[in-house]
Amino acid sequence: MHYVNTSCTILFESPYWIGIFEKTDGKGYSVSRFVFGKEPTGPELYNFMIKYYPKQLSYSKPNEEMEKSLTRTKINPKRRQREAAKAMQEKSISTKAQEALRLQYEENKKQRKTASKAKKLERERKKFELKQQKKKEKKKGH
């Protein structure tokens, strides 16, 4: 049985309003961050969820360990409603979401570093080949 449980937390990180989207499914726990800019209104959030939600969010790789800590047995609807009301009162971002975002950020950073290192090595190789070519041309004479 595959289930998908998503939640969204809107908060203000100076100078922008951001949304933290958490998703738990059969693959694991993943998180995504979206910058709204100005404070989103209710209708704007509704339009975002309908039109852009699946397209514009890039979730982190699923983390099975975090997902296991979040899974529970079937929850009574009244309890779920109380938990939702309690979550609405919370002002801080989930620490699991922070951890997942940090891991995603570090992974992206590693990818950028490897890409920039490859570009740098390619530039140095081309520069070296150009020097060698110029050296050969000098030895040939006029």
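Points worth noting:
- Among the residues making up the range 16-38, a single one is outside any strand (DSSP E or B) and over 24 Å from T95 (Cβ atoms): K38.
- The range 61-96, residues that are part of a loop (DSSP other than H, G, I, E, B) and either small (G, A, S) or modelled with pLDDT of 75 or more (or both): K74, I75, N76, S92, S94
- Close contacts from the range 98-121, counting a first residue that is closer than 17 Å to V31 by Cβ and a second that is open to solvent by 60 Å² or more (accessible area, probe 1.4 Å), with Cβ to Cβ under 7 Å and a gap of 6+ residues or different chains, come to L101/R33.
- Some residue of the range 75-83 being farther than 23 Å from L11 by Cβ, exposed (fewer than 10 other Cβ atoms within 10 Å of the Cβ) and not charged (D, E, K, R): yes
- When residues of the range 41-60 are limited to those that are assigned to a loop (DSSP other than H, G, I, E, B) and surrounded by 12 or more Cβ atoms within 10 Å (Cβ to Cβ), the one modelled with the lowest pLDDT: S60
- When restricted to residues that are open to solvent by 100 Å² or more (accessible area, probe 1.4 Å) and outside any helix (DSSP H, G or I), the range 100-142 contains 1.
The values are calculated or read from the model by the stated rules, or taken from the named source; none is laboratory data. No experiment lies behind these values; they were computed from the predicted model shown. Cβ: placed from backbone, ideal geometry, glycine included. Neighbour counts: every protein chain shown. The protein model used for the area step is the full one, side chains on, heavy atoms only, and it has no ligands, DNA or RNA in it. Shrake-Rupley method; radii C 1.70, N 1.55, O 1.52, S 1.80 Å.
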